[in-house]
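Colleague: I have a structure here, written as structure tokens, and I will follow up with some questions on it.
Each value in this text was obtained by applying a stated rule to the coordinates, not by laboratory testing. Worth saying up front: this structure is predicted, and the values here are computed from it rather than measured. A quick note on method: Cβ atoms are made from the backbone with ideal geometry, for glycine too, and the neighbour counts reach across all protein chains shown.
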């Protein structure tokens, strides 16, 4: 092959690597910005949720309370740690409050949200759970009667 063609191929290969590296750097920057925006929006939602809860007479006992929960799978025990948004109380009863900031996830028709609330009621041994819909500015009290609270 002619030296000039080899040089052009090497230059094209080098340019491809540089462009790929630039693309990856831009992609990482975009993802970082997106994660920051989501975290910022979630934090704003939690602040709004706290105001909603206090306005309805709930006392906030803890923010982001961790709760260890022992599971047994095929005879093997292991512990997981859950982290709810708020632990609140009203009239002597304790509730777990879960804050949601999207139309779909703030609905009890959304299976993952419903299962998360049930898990929280069981693990935290709460009287019930509160689904806080930030966009709808509402708080819904949910109890799973068959679950020990």
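Colleague: Out of [x] 46, 45, 31; [y] 86, 44, 27; [z] 36, 34, 29, which label holds the value of Cα extents along the principal axes in Å that was computed here?
Modeller: Read-out from the structure maps to [y].
Colleague: Please give the helix 3-55 orientation as an angle from the longest Cα principal axis of the chain, in degrees from 0 to 90, rounded to the nearest 10.
Modeller: Approximately 10 degrees, to the nearest 10.
Colleague: Sticking with the crude label model, points 7 Å out along Cα→Cβ, report the distance from residue 140 to residue 30 in nm, one decimal please.
Modeller: Here the answer is 3.5 nm between the modelled labels.
Colleague: Suppose only helical runs count, i.e. DSSP H with n ≥ 4. What mean residue ellipticity at 222 nm does that imply for the chain under -39500 (n - 2.57) per run, divided by all residues and rounded to the nearest 500 deg cm²/dmol?
Modeller: That calculation yields -16500 deg cm²/dmol at 222 nm.
Colleague: Here's a follow-up. Normalized C-alpha radius of gyration of the stretch 1-76, against 2.2 N^0.38 Å?
Modeller: 2.34
Colleague: Taking the C-alpha atoms of the stretch 79-143, how large are the radius of gyration and the largest Cα-Cα span, Dmax, in Å?
Modeller: Using the Cα atoms of the stretch 79-143, the pair Rg, Dmax is 11.3, 35 Å.
Colleague: Can you compute the modelled spin-label distance between residue 122 and residue 108, with each label point 7 Å from Cα toward Cβ, in nm?
Modeller: It works out to 1.9 nm between the two label points.
Colleague: Evaluate E = 1/(1 + (r/R0)^6) for residue 83 and residue 19, where r is the Cβ-Cβ distance and R0 equals 30 Å; express this FRET efficiency to the nearest 0.05.
Modeller: Efficiency for this residue pair is about 0.15.
Colleague: Which angle from 0 to 90°, rounded to the nearest 10, does the C-alpha axis of helix 111-124 make with the longest principal axis of the chain?
Modeller: 50 degrees
Colleague: Full-extension gain between residue 9 and residue 71, please, as 0.36 nm times their residue separation minus the C-alpha to C-alpha distance.
Modeller: Between residue 9 and residue 71, full extension yields 16.4 nm more.
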